[in-house]
Amino acid sequence: MKTTLIALLSLFLFAFTCEKDSKVVPITGLEADTIEAVEAAGVKAEDFKGNIDNLLTLEMASQVSGLSAADAVKKHSTTIIESVIYEWKSDRTREIEISKGNPMKIPMPNSVELSWVKNTTLKQFKHDYHNPTPEEIKRAEAAMDQKLKELEAEGKTTKESSDVSGGIAKNSISKFSVEEVPNLGDYAVFVNSGMMGVSTRDIKVFYRGLSFTLEVNLSDDQSYNDKKSVELARMIVEQKLK
């Protein structure tokens, strides 16, 4: 289901594309500009492929979090989307809704995560991360419905699974909103979303043709997490990308 959800949300978050006959059909017309931008980018995403822990090191995460590097657990994943996360044990919990009206509390570690490192253009970045209009949401939901039908026809998902995935994805879209962050990189935004009763908030930064996403969860105080997100994002730009 996770793979299906990512595929569906990507339709919404990344230019409302649809997949047909193994080819991506652009709707916005920005993809060609993005391909050219990759070649001309000041910073190449491929330089960090397989080793984005060089972009966000344990030492940087420890410095911003104020937590001991020796106590951190590092998780570096290259499945679907490459990410690196540093976690520390905490006494916090988070409530998730496995099914409607059935909440469950789970342990919530303190964490710092980097993901979605890629080349793009400023124009494409702003298109991907803006507050959607009602018409855009309508188009995105129609594209997701079509994608689910294709996945079912190809035997890659079941009707039951697609109904659940589609419902979760559409609920996530309804909670999607963007807030600009001044004086960070060339352009940056906080993106709010939510899934399975859990709200999420991460920061997405564009600098010299490269974009990346940070999710910082060190406190139940969101303003503190926001402050640390900006601090860490600025550190990455200043120490690793300039």
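The values are calculated or read from the model by the stated rules, or taken from the named source; none is laboratory data. Owing to the predicted nature of the structure, the values given are computational and were not obtained by experimental measurement. Positions of Cβ are backbone-derived with ideal geometry, glycine not excepted, and every protein chain shown enters the neighbour counts.
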Just the residues that are within 13 Å of residue 61 (Cβ to Cβ) and either outside any strand (DSSP E or B) or not hydrophobic (A, V, I, L, M, F, W, C) (or both), please, taken from the stretch 101-115. 109, 110, 111, 113
Output for the stretch 131-142, where each listed residue is surrounded by 15 or more Cβ atoms within 10 Å (Cβ to Cβ) and either part of a helix (DSSP H, G or I) or touching a strand residue (DSSP E or B) at 6+ places or on another chain (Cβ under 6 Å) (or both): 137, 139, 140, 141
Every residue in the stretch 186-242 that is among the hydroxyl-bearing types (Ser, Thr, Tyr) and either over 20 Å from residue 110 (Cα atoms) or assigned to a strand (DSSP E or B) (or both), please. 187, 193, 199, 200, 207, 211, 213
Note on residue 109: of the conditions (1) of a type outside the set (Phe, Trp, Tyr); (2) buried (at least 19 other Cβ atoms within 10 Å of the Cβ); (3) at pLDDT 90 or above, unmet is (2)
Residue 82: surrounded by 14 or more Cβ atoms within 10 Å (Cβ to Cβ), charged (D, E, K, R), more than 23 Å from residue 182 (Cα to Cα) and not assigned by TED's automatic domain parsing to the domain that holds residue 160, yes or no? yes
Does at least one position in the stretch 187-206 carry a residue that is among the acidic types (Asp, Glu) and either under 18 Å from the mean Cα position of the chain (by Cα) or in the same structural domain as residue 65 (by TED's automatic domain parsing) (or both)? yes
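Residue-wise test of (1) surrounded by fewer than 18 Cβ atoms within 10 Å (Cβ to Cβ); (2) assigned to a strand (DSSP E or B); (3) among the small types (Gly, Ala, Ser); (4) in the same structural domain as residue 199 (by TED's automatic domain parsing).
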residue	(1), (2), (3), (4)
117	no, yes, no, yes
126	yes, no, no, yes
146	yes, no, no, no
151	no, no, no, no
155	yes, no, yes, no
160	yes, no, no, no
170	yes, no, no, no
184	no, no, no, yes
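Results for (1) under 23 Å from residue 191 (Cα atoms); (2) surrounded by fewer than 15 Cβ atoms within 10 Å (Cβ to Cβ); (3) modelled with pLDDT under 95, shown as yes or no for each residue.
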site: 14; (1), (2), (3): yes, no, yes
site: 20; (1), (2), (3): no, yes, yes
site: 29; (1), (2), (3): no, yes, yes
site: 32; (1), (2), (3): no, yes, yes
site: 39; (1), (2), (3): no, yes, yes
site: 45; (1), (2), (3): yes, no, yes
site: 52; (1), (2), (3): yes, no, no
site: 59; (1), (2), (3): no, yes, no
site: 63; (1), (2), (3): no, yes, no
With respect to residue 210, is the statement that it is more than 14 Å from the chain's Cα centre (by Cα) and under 15 Å from residue 119 (Cα atoms) true? yes
Specify which of the listed residues (181, 198, 164) is modelled with pLDDT of 95 or more and not small (Gly, Ala, Ser). 181
State whether the residues of the stretch 68-86 include one that is out of contact with any helix residue (DSSP H, G or I) (no Cβ under 6 Å at 6 or more places or on another chain), assigned to a helix (DSSP H, G or I) and modelled with pLDDT under 85. no
Condition first: among the aromatic types (Phe, Trp, Tyr) and under 27 Å from residue 95 (Cα atoms). Can you find one or more residues in the stretch 181-201 that meet it? yes
